[in-house]
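Have a look at the structure below before the remarks.
The values are calculated or read from the model by the stated rules, or taken from the named source; none is laboratory data. Everything numeric in this text was worked out from a predicted model, so none of it was measured. FYI the Cβ positions are ideal-geometry reconstructions off the backbone, even for glycines, and counts take in every protein chain you see.
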Amino acid sequence: MLISEFIFKTKTLLLKKEKQMKQALLILTFFTISLSTQSQTTSVEKSTFGVQTGFLGIWAHNESRLSNSIALRSEIGLDAGIWGNDIYDSYGFLLAPVITLEPRWYYNLNKRADKSRRTDGNSGNFVSIKTSYHPDWFIIANEDNINFISDISIVPTWGIRRHLGNHFTYEAGIGVGYVHYLEDFDRGILKTSDVAVNLHLRIGYRF
């Protein structure tokens, strides 16, 4: 009688232990899956395309993943500018083509994910090195016979990128760097190189 009761209690205890182990295993599995899912959502997008506009032009871009937090942005578009001629007292507005390569480090994606904030579409704060080339292909201006000088600029930039809904985006940032003019001209009018400022304020649509 005592032996049977002991065996029954032992089996019951083993069954409880087995159940507890299964529960612990399920919890551990769920925790591992959660961590894996979180690590995936905190990576930049493999590739994302979009168009943007602002008070300084219109652009189309792609961002391709280089690592979990670094994306290479390639961009082509039209930069806007204001020109003036004090001699003839004339001023105007122009659009010039621009090609840009910009590695971006999105440094706070993990922090945003921990706070349950959006990281899709590379929504986060970034530090970048914006390298832009203005070729002397054509210009769109309100007057004819405007002499445009091609240039290349390198501007370290800090900025933010956020999403509104599923497709709309906005970006803001600022940077100061260097611009070099690639053609000969009257050095009494312009320098061959100068300070470049990137005032980055755009709205856009992501496909």
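Observations on the structure shown:
- Residue count for the stretch 165-185, restricted to those that are at pLDDT 95 or above and among the polar types (S, T, N, Q): 1
- Some residue of the stretch 134-150 being under 21 Å from the mean Cα position of the chain (by Cα) and at pLDDT 95 or above: no
- When the stretch 106-143 is filtered for residues that are part of a loop (DSSP other than H, G, I, E, B), more than 20 Å from GLU63 (Cα to Cα) and in contact (Cβ under 8 Å) with a residue 24 or more places away in the chain, the ones remaining, listed by number, are PRO135, ASP136, TRP137, PHE138, ILE139, ASN142, GLU143.
- Residue identified as modelled with pLDDT of 90 or more, among the β-branched types (Val, Ile, Thr) and surrounded by 15 or more Cβ atoms within 10 Å (Cβ to Cβ) among VAL195, VAL127: VAL127
- Criterion violated by LEU72 - all others in (1) among the hydrophobic types (A, V, I, L, M, F, W, C); (2) under 20 Å from GLY173 (Cβ atoms); (3) buried (at least 17 other Cβ atoms within 10 Å of the Cβ) satisfied: (3)
- In the stretch 144-177, the residue that is farthest from TYR106 (Cα to Cα) out of those that are aromatic (Phe, Trp, Tyr) and assigned to a strand (DSSP E or B) is PHE168.
- Within the stretch 45-61, if we keep just the residues that are farther than 12 Å from LEU201 by Cα and of a type in the set (A, V, I, L, M), the residue that is surrounded by the fewest Cβ atoms within 10 Å (Cβ to Cβ) turns out to be ALA60.
- Test result for PHE148, under 17 Å from VAL176 (Cα atoms) and surrounded by 15 or more Cβ atoms within 10 Å (Cβ to Cβ): no
- Residue match in the stretch 109-122 (condition: polar (S, T, N, Q) and touching a Gly at 6+ places or on another chain (Cβ under 7 Å)): no
- Boolean, ALA96 is closer than 22 Å to TRP59 by Cα and either of a type in the set (Gly, Ala, Ser) or in contact (Cβ under 8 Å) with a residue 60 or more places away in the chain (or both): yes
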